[in-house]
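Q: Dropping the structure in here first, questions after.
The values are calculated or read from the model by the stated rules, or taken from the named source; none is laboratory data. Since we're looking at a predicted model, the values are computed, not measured. With ideal geometry, Cβ positions are generated from the backbone for all residues, glycine too; neighbour counts draw on all protein chains shown. For the accessible areas, the whole protein counts, side chains as well, though only heavy atoms, and no ligand, DNA or RNA atoms are used. Shrake-Rupley method; radii C 1.70, N 1.55, O 1.52, S 1.80 Å.
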Amino acid sequence: MGQKHQRYKLVLDENLPKRQQFPFLNERHSLKHITHEYKQVGISDLEVYDLAKKKKSLLVTFNVKHFKKQAPLSIHTGIIGVSKNLTNEQVDLKIMALLRRKKRSELFGHFQQISGETL
């Protein structure tokens, strides 16, 4: 009997492409874009973090420098930092692998880095 995988809510920061560019994530998880679905443009990093926390979602961003230190501040959100050197397809597959591999308690309240060296 196979293990049932958790369905996560994720928010894409405004610097990431539309959710349709990540077909696996978009199909298997609740994926929303800060600009396209939530209609938030040019808001501060703190406001982005607060929105993800309010929605109880993981925040996916290229903006690692500003969000890494906020990750442990709440168990209602977590940060997934993505390398700008990855293609959309690589981001899609690597985040899918991360979500399958980690428990909810290892994601929320924590920072995860996705790069060319990670699975």
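Q: Tell me which residues, restricted to segment 30-74, are within 24 Å of Q6 (Cα to Cα), among the aliphatic types (A, V, I, L, M) and assigned to a helix (DSSP H, G or I).
A: V48, L51, A52, A71, L73 - these are the residues of segment 30-74 that are within 24 Å of Q6 (Cα to Cα), among the aliphatic types (A, V, I, L, M) and assigned to a helix (DSSP H, G or I).
Q: Output yes when any residue across segment 110-118 is among the hydrophobic types (A, V, I, L, M, F, W, C), open to solvent by 30 Å² or more (accessible area, probe 1.4 Å) and either over 11 Å from the mean Cα position of the chain (by Cα) or within 23 Å of Q6 (Cβ to Cβ) (or both), and no when none is.
A: There is at least one residue in segment 110-118 that is among the hydrophobic types (A, V, I, L, M, F, W, C), open to solvent by 30 Å² or more (accessible area, probe 1.4 Å) and either over 11 Å from the mean Cα position of the chain (by Cα) or within 23 Å of Q6 (Cβ to Cβ) (or both).
Q: Continuing with this model, one more query. Among the residues of segment 84-107, is there at least one that is among the hydroxyl-bearing types (S, T, Y) and under 14 Å from the mean Cα position of the chain (by Cα)?
A: no
Q: Just a yes or no: is a residue in segment 51-70 touching a strand residue (DSSP E or B) at 6+ places or on another chain (Cβ under 8 Å), open to solvent by 20 Å² or more (accessible area, probe 1.4 Å), of a type outside the set (A, V, I, L, M, F, W, C) and over 18 Å from K32 (Cα atoms)?
A: The answer is yes; a qualifying residue exists.
Q: Filter segment 75-104 down to residues that are without any contact (Cβ under 8 Å) to a residue 40 or more places away in the chain and over 18 Å from Q6 (Cβ atoms) and give me whichever is surrounded by the most Cβ atoms within 10 Å (Cβ to Cβ).
A: G81
Q: Which pairs turn up if I take residues in segment 39-55 that are in contact (Cβ under 8 Å) with a residue 12 or more places away in the chain and look for partners that are acidic (D, E) and open to solvent by less than 60 Å² (accessible area, probe 1.4 Å) with beta carbon separation below 8 Å, at least 6 apart in sequence or on another chain?
A: Filtered contacts from segment 39-55: V48/D13.
Q: Would you pick out the residues in segment 1-29 that are part of a loop (DSSP other than H, G, I, E, B) and either surrounded by fewer than 16 Cβ atoms within 10 Å (Cβ to Cβ) or β-branched (V, I, T) (or both)?
A: M1, G2, Q3, K4, H5, Q6, R7, N15, P17, K18
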